[in-house]
Amino acid sequence: MGEIFRFKNLKFKIWPNDHKPSHVHVYRPEAHAKINLETLEVIQSTGFTENDLKIILQQIFIRRFKIQEKWNEIHGKK
C-alpha cells in the first residue's frame, strides 16, 4: 500500500506488513514520525519540530476516519 495521502511536502504512509496499534508513518526528507491513530499520540519522531508535529496531527485529525478505514482495509479490524 504505502502512501495514503500527501500534504505539502509530507507523505503519509501505512505499511502492509506493520503491527498494532494502528498508526501512520509521516515522511519528508530527513524526517520521520509515527502517529497512533486511536490516540493521536506521537509514538516516535525524528527531524520534525513541535510546529511540524502540530500540523501533522491536525492533518491526521481531519482525515482520521479515512486513515483508520485504510488501516482496517490493509490489516483487518482485529
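The values are calculated or read from the model by the stated rules, or taken from the named source; none is laboratory data. Fair warning: this is a prediction, and the values are worked out from it, not measured in the lab. For neighbour counting, all protein chains shown are included, and Cβ atoms are generated from backbone atoms with ideal geometry for every residue, glycine included.
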* **Restricting segment 36-72 to residues that are out of contact with any strand residue (DSSP E or B) (no Cβ under 9 Å at 6 or more places or on another chain) and acidic (Asp, Glu), the residue that is farthest from residue 9 (Cα to Cα)** => 69
* **Residue within segment 53-69 that is at pLDDT below 95 and of a type in the set (Asp, Glu) present** => yes
